[in-house]
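Peer 1: Structure in structure tokens, see below.
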Amino acid sequence: MEGFAAQKLSEFETGKISRRRLIESLTLAATTLYSADAAKAQADQTLKAQLINHISYTCPNFKPAADWYSMVFNLDQIGATKRDVALPFGKKGDEPYNVTAKDVPLSHLIIRTPDANAPPPARPKPASQAVIDHFALTVADFNRDRARAELTALGVKNIRDGGLRSLHMDDVNGYDVQICGLENNALTDG
Amino acid sequence: MERFIADLVKNFESGKVDRREFCKTVALAATVYAAGDAANAQATRGFKVLGVNHISYTCPDYTRARDFQINVFGLENTPGHDTGKRANLMFGPEPGKGGSFIVTRNADATPNNRPPAQAYIDHYCYTLSNWDEARVRAAIKAKGQEISGGRDGSLHVLDPFNYDIQFASIVEENAFKR
């Protein structure tokens, strides 16, 4: 930009362009440069969620809840502490289904119990007016009748239809969990 | 099939399923078997989870939550599914190929007869690819949002209804690195 301005100024000084032309040229150049920077900055401001990393599930006792999710959804429990445990949707080294980026980990549940002895936070979170009323998991080869039979055999409570393509159930804490296949998606749900 | 029935009997004996459920399940299993799907009846014991299908988010005004998700995290409003009461916001792989969505919806005025659950989802977390700390923080600021917590590589924001949403890199949020 600096070189361009010097060149235009020189042209003006030598009478090659008028004062008006000088101003127009520099204005156009400066605004174009600004626009390019702005566009670049705008692009940089675009964040793109790739996948759910984890869902944080809080309940009075994390162990029976984790055992329930392990039993029903065939999930391993890893990294257990006194208060929580992670249940990844696959084995170590697996990649998330149909995700091409190499820096996206398997989604997982974190099932936790609040720490009753934790000191109050320095900056308490304001109360939320929103709630996650249920979440749904996609499973391979979903067949509603077969899934209902499996869930019933596992002793799962309150199994009910969720439209044509899914089932809802209550987990061990009475939380609403949905199960479905790939055919239940943003284009078909609701 | 034998193992399936054996497990079912065990659950009946231990009281996990009652007589009605037991009979219904046996009948269903027999139907599946008769349909020539015997292999599935046995082999699909336990589900193979592919991912989170969707998260259902209820709030006083779904449009504010919808706009926040689109503006901040780049979710896409599914055409034809914004009903005036809810919207399906897509992200990740294509719908039907493993993609997920957030349903933002207004609270239903109809009374819910379900007993209250003893559990709740206190937050959820997105993975962002190509994490660049400075760029991510600048982007959040540029969108008029404030980082509400977290650490480098794993940050939180509060949405318009003060719901806690985390967003993170693979380095900081990975179940196998706990």
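The values are calculated or read from the model by the stated rules, or taken from the named source; none is laboratory data. Quantities reported herein were computed from a predicted structural model and do not represent experimental measurements. Quick reminder, even Gly has a Cβ in these numbers, built from the backbone with ideal geometry, and neighbours come from all protein chains shown.
Peer 1: Is it fair to say A:Lys40 is modelled with pLDDT under 80, more than 30 Å from A:Asp115 (Cα to Cα) and of a type in the set (Lys, Arg)?
Peer 2: Yes.
Peer 1: Could you run through the stretch A:87-106 and say how many residues are out of contact with any Leu (no Cβ under 7 Å at 6 or more places or on another chain) and either at positive phi or facing chain B (nearest Cβ under 7 Å) (or both)?
Peer 2: Here the count works out to 7.
Peer 1: Among the residues of the stretch A:166-183, write down those that are out of contact with any Leu (no Cβ under 8 Å at 6 or more places or on another chain), under 16 Å from A:Leu151 (Cβ atoms) and crowded, with 17+ Cβ neighbours inside 10 Å.
Peer 2: A:Ser166, A:His168, A:Asp170, A:Asp171, A:Val172, A:Tyr175, A:Asp176, A:Gly181
Peer 1: Select from the stretch B:87-107 the residues that are surrounded by fewer than 19 Cβ atoms within 10 Å (Cβ to Cβ) and touching a residue at least 12 places away in the same chain (Cβ under 8 Å) and write down the one among them that is nearest to B:Pro160 (Cα to Cα).
Peer 2: B:Asn106
Peer 1: Residue check, A:Ala65 against (1) modelled with pLDDT of 95 or more; (2) surrounded by 15 or more Cβ atoms within 10 Å (Cβ to Cβ); (3) more than 9 Å from chain B (Cβ to nearest Cβ); (4) assigned to a helix (DSSP H, G or I), all met but one. Which one?
Peer 2: The one condition A:Ala65 does not meet is (3).
Peer 1: When the residues of the stretch B:103-115 are narrowed to those that are assigned to a loop (DSSP other than H, G, I, E, B) and of a type in the set (A, V, I, L, M), which ends up farthest from the other protein chains (Cβ to nearest Cβ)?
Peer 2: The residue in question is B:Ala109.
Peer 1: Do we have A:Leu75 as crowded, with 20+ Cβ neighbours inside 10 Å, aliphatic (A, V, I, L, M) and part of a strand (DSSP E or B) here?
Peer 2: The answer is no for A:Leu75.
Peer 1: Can you pull out the residues in the stretch B:150-178 that are in contact with a helix residue (DSSP H, G or I) (Cβ under 6 Å, 6 or more places away or on another chain) and among the acidic types (Asp, Glu)?
Peer 2: B:Asp152, B:Asp159
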